[in-house]
Amino acid sequence: EERLEQIAALPKTELHLHFEGAAPPGFIRGLAKEKHVDLSGIFNRDGSYAYRDFVHFLSVYEAATSVLKTPDDYARLTTAVLEECAKNGVIYAETFLSPDFCGGGDVPAWREYLHAIREAADAAERDMGITLRGVVTCIRHFGPDKAKRAALCAAETAGDWLCGFGMAGDENRGEQKDFAYSFDMAREAGLGLTSHACEWRGASEARNAIRDLGVSRIGHGVRAIADPATVEMIAEEGITLEVCPGSNVFLGVFPSLKDHPIERLRKAGVKVTVSTDDPPFFHTTMRKEYTDLAKTFGWDEADFLEINRNAMHAAFCDDATRDAIL
Ligand code: HPA
Ligand code: ZN
C-alpha cells in the first residue's frame, strides 16, 4: 500500500541499538568460520539465531560476540551494522558499546577498539550519510565491579563521539542502585545517562533508575504502564523512553503489538521513541517497526515526526550534531 511505503521510507533516528546484537547472523557465521570457532549451536537451520527465552538470548548473544576478538573485527562489524541501518533509512543512531566485550575493561585496549569503530563510522557517515554515536554500556549481570571498569573506560574516552553511559543485561539480577557509583562517574565525565528498566520488572525499576542513577532516558520502561503514578512521574520529569515494540512482542513482554502500551504512554504525555534493540535476534528492522506501528495504531507522518523529534531532543550528542539532524 502506498501510505505504508511512504511511512517505511521516512528518515529515522534510533537510540536503542545493541552493537553486537545488530550483527547480521551471516556476518557472525563468517567470522566464526575464519577463526575456526564452532558456533553451530547458536544458529537455526535457516541461519537465524537460536534461543529459547531472554536469559538464553543473553548467553547466545555472548557466544556470538566471542568471535569479535580484535579492533579490526569491530571495524568490520561497524560497517556491516551501518549498512543495515542505512538501508532502513536511519540517519542517526546511538549504539550500546561494552568495554567488557571490547578489551575486557582495560582502558588502553578499549581506546583501540573505540578508534577502530570510529574510523569505520566516519567512513560510513561519508559514504552512506548515517551518523553514529556511542553509549558505553555496563552489563547488569556482570556485576558492579565490572561496571566500574566500564565507567572508567567511559570517563577516559568521553567526548563528542562517545556521548553516553548506560546499563543493559539481565534486569532480574541486582538492583539499579548497585551501579550508582559507575553512573556518578559517568555523569561527572559529562555523559548522558540511560538504563534498561521495566522491560521485565515492574514500575519500581523505572523509579529506581531515575532516583538512584539519575538517568534522563530509560531503555524500554514499558511495564511502567501498570502503575499510573509512575507513568505520570515519567511524563512530568520529561524522561524519554527508548521503546522497542518489536523486541517486546518477540520476547513475549506483550502478546501482540495491539496490546503494546506505546500509544497509551504517548497519550499520557510520555516522550516515546522507537528502536529495534537487537534487530536480527528479534526479526525486526526500523522499516518494519514503522510500518507495523502505522498499521496497528494508524500513525501517520506527523506522528513519526514527533517520535523522531523526541529522539533527537533526548539524544546524547552535541547540539551541532542534533541541529544538523533535526
Ligand atoms: N536487553 C538487555 N540486555 C541486552 C540486550 C537487550 O535487548 N541485548 C544485549 N544485551
Ligand atoms: Zn536493549
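The values are calculated or read from the model by the stated rules, or taken from the named source; none is laboratory data. Given the structure is predicted, the values throughout are model-derived calculations rather than measurements. Cβ: placed from backbone, ideal geometry, glycine included. Neighbour counts: every protein chain shown.
At-a-glance table
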read-out	value
Selection status of Val249, among the aliphatic types (A, V, I, L, M), within 16 Å of ligand 2 (Cβ to nearest atom), outside any helix (DSSP H, G or I) and assigned by TED's automatic domain parsing to the domain that holds Ile91	no
Scan of the stretch 194-212 for residues that are within 16 Å of ligand 2 (Cβ to nearest atom) and either closer than 19 Å to Asn310 by Cα or free of Cβ contacts under 8 Å to residues at least 60 places away in the same chain (or both), ordered by number	Thr194, Ser195, His196, Ala197, Cys198, Glu199, Arg201, Glu205, Ala206, Ala209
Residue in the stretch 215-234 that is within 15 Å of ligand 1 (Cβ to nearest atom), under 30 Å from His56 (Cβ atoms), part of a helix (DSSP H, G or I) and not aromatic (Phe, Trp, Tyr) present	yes
Pick from the stretch 252-270, criterion crowded, with 21+ Cβ neighbours inside 10 Å and outside any loop (DSSP other than H, G, I, E, B), ranking: farthest from ligand 2 (Cβ to nearest atom)	Leu265
Qualifying positions in the stretch 97-121 - among the hydrophobic types (A, V, I, L, M, F, W, C), touching a residue at least 40 places away in the same chain (Cβ under 8 Å) and either more than 16 Å from ligand 1 (Cβ to nearest atom) or in contact with a Gly (Cβ under 6 Å, 6 or more places away or on another chain) (or both)	Leu97, Val107, Trp110, Leu114, Ala116, Ile117, Ala120, Ala121
Subset of the stretch 235-246 that is more than 16 Å from ligand 1 (Cβ to nearest atom) and assigned to a loop (DSSP other than H, G, I, E, B) - its residue that is farthest from the chain's Cα centre (by Cα)	Glu237
Only one of Pro99, Pro71 that is farther than 23 Å from His16 by Cβ and crowded, with 19+ Cβ neighbours inside 10 Å	Pro71
Filtered residues of the stretch 176-212 (kept if among the aliphatic types (A, V, I, L, M) and either in contact with a His (Cβ under 6 Å, 6 or more places away or on another chain) or under 14 Å from Glu237 (Cα atoms) (or both))	Ala206, Ala209, Ile210
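Matching residues to (1) in contact with a His (Cβ under 6 Å, 6 or more places away or on another chain); (2) assigned to a strand (DSSP E or B); (3) among the basic types (Lys, Arg):
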| position | (1), (2), (3) |
| --- | --- |
| Phe96 | yes, yes, no |
| Tyr113 | no, no, no |
| Ile117 | no, no, no |
| Ala124 | no, no, no |
| Leu132 | no, yes, no |
